[in-house]
Amino acid sequence: MSKILIIGAGGQLGQCLKTVAERRGISDIVFPTENEGNILEAELLNALLEREKPAYVINCAAYTAVDKAEDEVELSKAVNETGAGYLASACKANQAILVHVSTDFVFEGKEVKLLNEDDVAKPINVYGVTKLGGEQAVASILDEHFILRTSWLYSEYANNFVKTMLKLGAERDELGIIADQVGTPTYAIDLANAIFDIIASGKKSYGVYHYSNEGVTSWYDFAKAIFDISETAVKVNPIPGSAYPTKAQRPAFSVMDKSKIKNEFNLDIPYWRTSLVACISKINNK
Ligand SMILES: NC(=O)C1=CN([C@@H]2O[C@H](COP(=O)(O)OP(=O)(O)OC[C@H]3O[C@@H](n4cnc5c(N)ncnc54)[C@H](OP(=O)(O)O)[C@@H]3O)[C@@H](O)[C@H]2O)C=CC1
Ligand SMILES: Cc1cn([C@H]2C[C@H](O)[C@@H](COP(=O)(O)OP(=O)(O)O[C@H]3O[C@@H](C)C(=O)[C@@H](O)[C@H]3O)O2)c(=O)[nH]c1=O
């Protein structure tokens with residue numbers, strides 16, 4: 001496979017890419033540290049790409065603290081938008097193709113309808129606004145880009161909803177979980193495999209693509225499944241979003257249509273509950 005460089009390698013998706021690269025025997029791949037690949041430093045990125053000469057760059061660096069972003073607007077914008085633009089410029093200067101990861105939170109989510117790549121993005125929180133800004137920066141600077149929007153990422157690595165639930169389930173007898181926000185969880189290992197499949201295809205069909213696991217659920221049903229699969233005895237109560245106030249608003253419905261990515265790259269996407277079983281088994285055997 002062509003040489004690949006990962007930015008934001010220390011995060012959840014970065015660690016999944018590393019695991020999957022090892023499993024698939026992908027060896028021509030570089031995982032710089034955050035200091036070596038700081039997305040806020042344009043010249044550093046350019047020098048890194050000049051030195052490594054990757055054919056593909058995968059951008060996993062992001063500001064992902066959705067509630068905190070409401071107070072840290074500048075930092076969120078710098079990492080998600082300005083930094084993404086710097087990386088796109090470095091790719092342009094060094095003839096690299098950029099795989100940039102984005103989110104379902106670019107959508108307003110007020111309508112119950114499958115979201116496709118042409119639907120209008122209208123984010124309702126700072127994180128979503130800055131991620132949309134990142135998409136626009138990438139697309140305006142570099143033609144050779146794949147923007148992959150994904151949703152509700154979890155894995156055995158870093159912090160995520162599954163690990164939060166397993167922790168809270170061990171500490172408490174009862175939990176209230178929002179039942180009126182609907183979307184699709186995505187096992188970051190599956191996303192990592194899809195990214196390598198896209199690269200391995202060598203196809204140049206650049207643009208925006210939606211990728212999540214198959215199926216639809218709410219945070220409440222997701223939590224129920226986590227406790228069911230992990231055999232954790234905790235009572236889970238479905239609550240409306242209004243009963244769990246958060247700094248950031250979240251889309252009520254953000255299920256994405258994945259037809260485009262499946263057709264273009266011939267992907268077979270796992271059902272969300274099947275992947276959740278695989279992830280919890282990994283967590284338990286760690
Ligand atoms: N997590 C989720 O539920 C979802 C994530 N996404 C998107 O998927 C992508 C991957 O997310 P995920 O892996 O979960 O996120 P993480 O927060 O786990 O990883 C992001 C990484 O970016 C790093 N980072 C922050 N600032 C910089 C910087 N200036 N230079 C280089 N690296 C930096 C972070 O380091 P540090 O920890 O030190 O800040 C962290 O290691 C992101 O684009 C995200 O927006 C999309 C949908 C859902
Ligand atoms: C801990 C907890 C959360 N919740 C709710 C709050 C929220 O609506 C939902 C998920 O909470 P989290 O804060 O874990 O997830 P959140 O950070 O909102 O997840 C989002 O992250 C960004 C990065 C994305 O790009 C999105 O796709 C999505 O994955 O669960 C409860 O209802 N009860 C609880 O006890």
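Quick grid of which residues meet (1) among the β-branched types (Val, Ile, Thr); (2) within 13 Å of ligand 2 (Cβ to nearest atom); (3) modelled with pLDDT under 95:
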position: 102; (1), (2), (3): no, yes, no
position: 118; (1), (2), (3): no, no, no
position: 146; (1), (2), (3): no, no, no
position: 164; (1), (2), (3): yes, yes, no
So, residue 33, is that one assigned to a loop (DSSP other than H, G, I, E, B) and farther than 17 Å from residue 96 by Cβ or not? yes
When region 251-266 is examined, which residues are found to be part of a loop (DSSP other than H, G, I, E, B) and either open to solvent by 60 Å² or more (accessible area, probe 1.4 Å) or more than 27 Å from residue 223 (Cα to Cα) (or both)? 266
In region 51-155, which helices (runs of 4 or more DSSP H) lie fully inside it and hold 1 or more residues that are without any contact (Cβ under 8 Å) to a residue 40 or more places away in the chain and open to solvent by 20 Å² or more (accessible area, probe 1.4 Å)? 73-77, 126-141
What residue, of 170, 223, is within 11 Å of ligand 2 (Cβ to nearest atom) and part of a helix (DSSP H, G or I)? 223
Within region 180-192, considering residues that are touching a helix residue (DSSP H, G or I) at 6+ places or on another chain (Cβ under 8 Å) and among the hydrophobic types (A, V, I, L, M, F, W, C), the one surrounded by the most Cβ atoms within 10 Å (Cβ to Cβ): 188
Would it be correct to say that residue 20 is in a helix (DSSP H, G or I), more than 16 Å from ligand 2 (Cβ to nearest atom) and either modelled with pLDDT of 95 or more or buried (at least 22 other Cβ atoms within 10 Å of the Cβ) (or both)? yes
Out of 239, 195, 229, report the one residue that is of a type in the set (Val, Ile, Thr), in contact (Cβ under 8 Å) with a residue 40 or more places away in the chain, surrounded by fewer than 18 Cβ atoms within 10 Å (Cβ to Cβ) and more than 12 Å from ligand 2 (Cβ to nearest atom). 229
Members of region 34-50 that are open to solvent by less than 70 Å² (accessible area, probe 1.4 Å), in contact (Cβ under 8 Å) with a residue 40 or more places away in the chain, more than 12 Å from ligand 1 (Cβ to nearest atom) and over 16 Å from residue 6 (Cβ atoms): 46
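The values are calculated or read from the model by the stated rules, or taken from the named source; none is laboratory data. Since the structure is predicted, the reported quantities are computational estimates derived from the model, not experimental observations. Here Cβ is always computed from backbone atoms with ideal geometry, including for glycine, and neighbour counts include all displayed protein chains. What goes into the accessible areas is simple: the full protein's heavy atoms, side chains included, and nothing from ligands, DNA or RNA. Shrake-Rupley method; radii C 1.70, N 1.55, O 1.52, S 1.80 Å.
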